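Encoded as structure tokens, the structure appears first; notes follow it.
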Amino acid sequence: MNTNVFQIDPELKKSIRKFRTKRSKNHTALLIRIDEEKLLIEEDELIEDVNLDEFCNDLPDVDPRYILLSYNRVHEDGRLSNPLIFICYIPEGIPTQTTMLYSSAKNLVQNESLINGKALELRDATDFDEDWLLSQI
């Protein structure tokens, strides 16, 4: 499937710009979904003050999402960093067509988010916690 069949909601573009420039002392996540009928990529939810060890409870069990995560990291030497992380969450057991839809639009969403680097893949929401995240970045 070619990514140019997808449209990105202009409101999502605004939300991404705002998300990228927002500074917060807490972890923040922007969840993005695809309207499968319209092939429209749109904002699902903005979650402020994310508890990384409980974040899996905020993810749907059977619906994929793209996750933009603003992660406040304290390094061993005391430095603070605030990397933006792109996560493609595609739960196991969903229809193949839905899996292909989200897989084919992944690069488009990541490019629109201006997040360079590796896209993290998450298949089971219960795997998501801070240890998993640190092992991936």
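What follows is calculated from the coordinates using simple rules that are stated; it is not laboratory data. Every value quoted in this text rests on a predicted model; they were computed, and no experiment measured them. Neighbour counts are summed over all protein chains in view; Cβ atoms, including those assigned to glycine, are modelled from backbone coordinates with ideal geometry.
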Scoring only Lys, Arg, Asp and Glu (+1, +1, -1, -1) among other residues with Cβ under 10 Å from the Cβ of Glu42 yields -3
Expected max-MSF residue from Val74, Val50, Val62 in the GNM of the chain (alpha carbon, under 10 Å) is Val74
At 4 °C and 1.567 mPa s, the Stokes-Einstein diffusion coefficient in µm²/s for the range 3-136, with hydrodynamic radius from the Kirkwood sum on alpha carbon pairs, is 85 µm²/s
With Cα springs under 10 Å, the Gaussian network model of the chain assigns the largest mean-square fluctuation among Arg20, Arg73, Arg65 to Arg73
With +1 on the Cβ of every Lys and Arg and -1 on the Cβ of every Asp and Glu, the dipole magnitude of the range 1-61 about its Cα centre, in debye rounded to the nearest 20, is 680 debye
Nearest 10, in degrees from 0 to 90: the angle of helix 10-21 to the longest Cα principal axis of the chain is 10 degrees
Helix 96-113: inclination vs the chain longest Cα principal axis, degrees, rounded to 10, gives 50 degrees
Per the helix-only model, the chain has a calculated mean residue ellipticity at 222 nm (DSSP H runs of ≥4, -39500 (n - 2.57) each, divided over all residues, rounded to the nearest 500) of -8500 deg cm²/dmol
Neighbours of Leu133 by Cβ distance under 12 Å: Lys/Arg at +1, Asp/Glu at -1, summed charge -4
Dipole check, the range 3-136, charges on Cβ (K,R +1; D,E -1), about Cα centroid: among Ile8, Leu59, Leu134 the Cα furthest to the positive pole belongs to Ile8
Here the relative contact order (percent) of the chain, from C-alpha pairs under 8 Å and at least 6 apart, is 24 percent
